[in-house]
Structure formats: C-alpha cells, structure tokens
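Quick notes on the structure that follows.
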C-alpha cells in the first residue's frame, strides 16, 4: 500500500478496512486478534472519531501498517521522529502485556 495522507477518521477507517480485506481477514478475526468485540472494528472502519488511540495503533500494527506524523507536510526532524518512535514503542509494549485481573 502506498503512503496515504489521512485527514479524517473516515479516511483512517477506510484504509483499515481495505488493508484488512487485502489480508483476507474478517472483522470477526481482526477483533479476535485485537481482543475487542466485532462492533469495535465495525465502528473504527466506519470512521469513529472517538476510537481509543492505543487500540487504533494496535490495529495498525496487526495489519502491518505504520503511522507517520509530519508538521504541515514537512517531515519531522530526526530527533522528533526518534522521540515519537520511542513513545509509540512504549505504547506497543504496554498493549502486548497481558491484562491484569
């Protein structure tokens, strides 16, 4: 998939839907992989602007998609990219930990 500039939750949802279908995953299967209900995937693909960021990032990771940030079309500096990557890595580590009971 080529790089895409997303400007809305709807565009993000459409991109996720296309990638999910490209990978041959049903909404149910993706939900299982993420540990959420199918309706969460359905809402995300419909462009839910209130979707939990951590789960959105987990979804992107499950679909082998990456998120990249830029400042008004200009790439972030190397230092800012590294800091952002470090923070995102920490989010992914937290998401991969088993839930505490």
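Bear in mind that the values in this text are calculations on the coordinates, not laboratory data. These numbers were taken from a predicted model, which means no experiment stands behind them. FYI the Cβ positions are ideal-geometry reconstructions off the backbone, even for glycines, and counts take in every protein chain you see.
Observations on the structure shown:
- Qualifying residue in the range 10-23 (condition: at positive phi and surrounded by 11 or more Cβ atoms within 10 Å (Cβ to Cβ)): no
- Selection within the range 24-33 - in contact with a helix residue (DSSP H, G or I) (Cβ under 6 Å, 6 or more places away or on another chain) and surrounded by 17 or more Cβ atoms within 10 Å (Cβ to Cβ): 27, 30, 31
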